[in-house]
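Here, each number is a calculation from the coordinates, and none is a lab measurement. Since this is a predicted model, take the numbers as computed values, not measurements.
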Amino acid sequence: MSQGNISKVKATETELKDRLVAVNRVAKVVKGGRRFSFSAIVVVGDGHGVVGYGLGKANEITDAITKGVDDAKKNLIKVPVLKGTVPHESEGRFSGGFVLLKPAAAGTGVIAGGAMRAVLESAGIKDVLAKSKGSSNPHNVVKATFDALSSMRDAYTIAKHRGISMKKVFTGE
């Protein structure tokens, strides 16, 4: 992921809601047969632009989910949300996963696949058009979505970074 514009965020635990994206059962063959363990990818967010993801592995599903939530709280980022949608079109990629995010008019809803939908709804994005291209692996799709979201900047951030007024950002004068 490009770490250029991301600001790490700390949030209180009461305001974060977690969503389970995927659970995978893994078998290890031992002398007495198969030993099963679980890996869970979890997304947490406050619904106001703060979102994070985490991976948890354990012998029980509930322990794996708990570890995933703890890991997700360590990887929070702030996403610009403009009138319930993303500020501009963005592409993200991670390994074989490619995602495309486009702003949408109010009332459109979240038009996205399973793993992307969990990330976007946790971030508080209400209207967006999204397309997953390439890998459908939930791990890659979630990380590619985070790459796309982390590369987004709103007009206020751009104006502050360039040291110019908001009017000048839009008019170019």
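Please say if the stretch 17-77 is rounded, prolate or oblate, where rounded means a/c under 1.5 for a ≥ b ≥ c the square roots of the C-alpha gyration tensor eigenvalues, and otherwise the choice is prolate for a/b larger than b/c and oblate otherwise?
On the way: a/c = 3.87, a/b = 3.43, b/c = 1.13.
Prolate, since a/c reaches 1.5 and a/b exceeds b/c.
Using just the C-alpha positions of the stretch 80-162 as equal point scatterers, what log10 of I(q)/I(0) does the Debye formula give at each q in 0.11, 0.12, 0.13, 0.16 1/Å?
-0.26, -0.31, -0.36, -0.54
List every residue whose amide H lies under 5 Å from the amide H of residue 50, counting only residues 5 or more places away in sequence or on a different chain, with H placed 1.01 Å from N in the peptide plane.
79
What's the angle, to the nearest 10 degrees (0 to 90), between helix 61-74's Cα axis and the longest principal axis of the chain?
30
Using θ = phi - 60° and the Karplus curve 6.51 cos²θ - 1.76 cosθ + 1.60, what whole-Hz ³J(HN,Hα) does each residue of the stretch 17-31 get, with Gly and Pro shown as x?
Whole-Hz 3J(HN,Hα) from phi for the stretch 17-31: 10, 9, 10, 7, 8, 7, 10, 10, 8, 10, 10, 10, 8, 10, 4.
Roughly speaking, what % of Cα-Cα pairs in the chain are separated by over 30 Å, rounded to a whole number? Mind showing how you got there, number by number?
Numbers: 3362 of 14878 pairs.
Percentage above 30 Å: 23.
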